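Heads up: the structure comes next, in structure tokens.
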Amino acid sequence: MMYANKRQTVQTDYILQEKTCMGEYNDTKGLFIFIDLTKHTLFLFKDGKQIEKYNIAIGTKENPSPIGVFRIIEKGRWGKSFGGRWMGLNVPWGIYGIHGTTKPGSIGRAASHGCIRMRNTDVAKLYDVVIKGTIVEIYGGPFGPFGKGFRELRPGDTGADVMEVQKNLKLKGYYKGYLSGYYDVDMEKALNSFQKAGNLPISNIIDIKMYKKLGIILEE
């Protein structure tokens with residue numbers, strides 16, 4: 001099952017946009033991490049140029065890796081099961097990070113509980129280079145933001161699927177807030193504005209019919 005959006009995003013636009021929204025990025029040493037879940041690869045950029053790439057393990061369908069633009073908010077020399085290194089991300093709907101592993105055979109597969117696993121030697125190198133505040137974009141993957149299929153969204157829900165709807169509403173010019181992955185009042189107002197403009201019933205529930213109206217579909 002694949003996700004198809006009739007109005008695809010331009011990833012770079014969101015990276016720049018989120019840098020502005022998040023703030024506190026006056027000094028990130030020009031570093032940027034791009035994680036391609038489809039290729040099971042983490043790319044490290046400095047001043048716009050790729051300087052390293054590493055093979056990784058990603059989340060399973062039941063526990064997919066988060067998709068979106070985040071930042072590293074903590075670093076720590078965690079225990080053996082984390083390969084001695086942990087770089088935590090500011091994912092609004094859970095605890096996710098980049099770390100090492102005691103299962104190097106899992107690298108290159110969908111095998112984690114959502115975190116990004118690296119070989120211990122690789123994660124040690126990355127840990128020594130990146131700083132708190134480094135932007136991390138996680139993109140693509142075999143499951144996408146709707147890995148378990150469409151769920152009915154209501155105010156208060158969180159997740160990659162919520163962020164994808166926010167992104168869609170932003171592209172259409174209705175949502176002005178930060179792509180947080182949290183269904184808040186601003187997102188509800190944006191949804192209602194979209195519904196009003198299309199002469200649709202006003203509701204705060206996003207069901208299969210509303211996904212289709214937004215141009216979000218799943219393809220086998």
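The values are calculated or read from the model by the stated rules, or taken from the named source; none is laboratory data. Remember, it's a predicted structure, so these values are computed and weren't measured experimentally. So basically every Cβ, Gly included, is an ideal-geometry build from the backbone, and we count neighbours across all protein chains shown.
Quick notes
- T38 part of a loop (DSSP other than H, G, I, E, B), of a type in the set (S, T, Y) and modelled with pLDDT of 65 or more: yes
- If you check D207, D184, D157, D161 for being more than 13 Å from the chain's Cα centre (by Cα), free of Cβ contacts under 8 Å to residues at least 60 places away in the same chain and within 19 Å of N63 (Cβ to Cβ), only one passes: D157.
- Subset of region 162-183 (residues that are at pLDDT 90 or above and surrounded by fewer than 17 Cβ atoms within 10 Å (Cβ to Cβ)): K172, G173, K176
- Residue match in region 26-35 (condition: in a strand (DSSP E or B), over 20 Å from G177 (Cα atoms), out of contact with any Asp or Glu (no Cβ under 9 Å at 6 or more places or on another chain) and at pLDDT 85 or above): no
- With respect to the stated conditions, I72 is among the β-branched types (V, I, T), buried (at least 16 other Cβ atoms within 10 Å of the Cβ) and either assigned by TED's automatic domain parsing to the domain that holds S106 or under 27 Å from T158 (Cα atoms) (or both).
- Taking the criterion of being under 12 Å from the mean Cα position of the chain (by Cα), small (G, A, S) and at pLDDT below 95, the residues of region 60-98 that qualify are S65, G68, G94.
- Look at (1) of a type in the set (G, A, S); (2) surrounded by fewer than 21 Cβ atoms within 10 Å (Cβ to Cβ); (3) not assigned by TED's automatic domain parsing to the domain that holds D47 and you find that G159 fails only one, number (2).
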